[in-house]
1. What residue among D176, D86, D46 shows peak mean-square fluctuation when the chain is described by a Gaussian network model with Cα springs under 10 Å?
2. Test of understanding: what is the full-extension gain from T64 to A45, defined as 0.36 nm times their sequence separation minus their Cα-Cα distance?
3. Which residue fluctuates the most in the chain, going by a Gaussian network model with Cα springs under 10 Å, if the choices are H164, H192, H232?
4. Given Cα pairs under 8 Å that are at least 6 residues apart, what percent is the relative contact order of segment 36-102?
5. Determine the sum of side-chain charges near A247: Lys and Arg each +1, Asp and Glu each -1, restricted to other residues whose C-beta is under 12 angstrom from that of A247.
6. Which whole-number percentage describes the relative contact order of the chain, with Cα contacts under 8 Å and a sequence gap of 6 or more?
7. Distances over 26 Å make up what percent of all Cα-Cα pairs in segment 121-256?
8. Between R69, R154, R110, which gets the highest mean-square fluctuation from a Gaussian network model of the chain, Cα cutoff 10 Å?
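The values are calculated or read from the model by the stated rules, or taken from the named source; none is laboratory data. None of these values were measured; they are calculated from a predicted model. Please note: Cβ atoms are built from the backbone with ideal geometry, for glycine as well, and neighbour counts cover all protein chains shown. Calculation scope for accessible area: heavy atoms of the full protein, side chains included, ligands and nucleic acids excluded. Shrake-Rupley method; radii C 1.70, N 1.55, O 1.52, S 1.80 Å.
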Amino acid sequence: MNERVVRLDGVSNFRDYGGYPTRGGGRVKTGVLYRSANHAKASDADLEAIAALDIGVVVDLRRTGERTRDPSRRHPTFKGVVIDNDIGDTPDDPWLVFVSSSDLSIESFRGHGLGYYREAPFEERHVDLFGRYFRALADADQAVLIHCAAGKDRTGLLAALTHHLVGVHPDDIMADYLLTNAAINYELVVPHVTEMLTARAGRAPDPAAVRVAIGVQPDYLETSFRVIRDAHGDLDAYLERVLGVDASLRARLEQRLLT
């Protein structure tokens, strides 16, 4: 298991996404940036382990329905800030709507993933959450945790944008993104996802398709970066024009995150 992965009982894909070298010889600090799946099934021991990380800001990228269905467990002593929103909420979770009409094949999950990553950088709710995250990250004097449901798509894109902003090499950005495939607690996640897919679609999925559904692929992140460049020229312009990370905020983030 990669040393940056924190193995917990009921929280999958928990890890430190700092520690990478950056252009100019710097390095992203460790113990400041954490990412994970949701915390609904966190054990008491998990809560103690997470509390020991001194996290002061939690960015919950999930929709309202997801947060209601799987409310986060937090340590009783947690006094930090939680960032979330209700923008663009619909009665039905788009993922569950897709599953209900899907043939649950590998191809259908891959197609859905690619489509999702084409739209994700520009969704109003993501623009709001991503922008608030960067501002909170610059201001925080404690660690920051970002998470969604599985900690791989919304979380993966935001972590990758963070890495780009502070000058992490593209190879390391992709390696961290793909670390999801090793960091997932398959014993915890596969049965839960299989049960959910079966209930929604009325038939059991192939195990190989489940692994595709809960994993990530290089072309997912590449798709988001490509559509950002197509729309804005480069990632830096997107960060500034869309997410509000201007030169002043960028300098504060670099000062906060780099050694």
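1. D86
2. Stretched fully, the T64-A45 segment lengthens by 4.2 nm.
3. H192
4. Relative contact order comes out at 40 percent.
5. Net charge in that neighbourhood comes out at -2.
6. Normalised by residue count, the contact order of the chain is 26 percent.
7. The proportion of pairs with Cα distances above 26 Å equals 31 percent.
8. Largest GNM mean-square fluctuation: R69.
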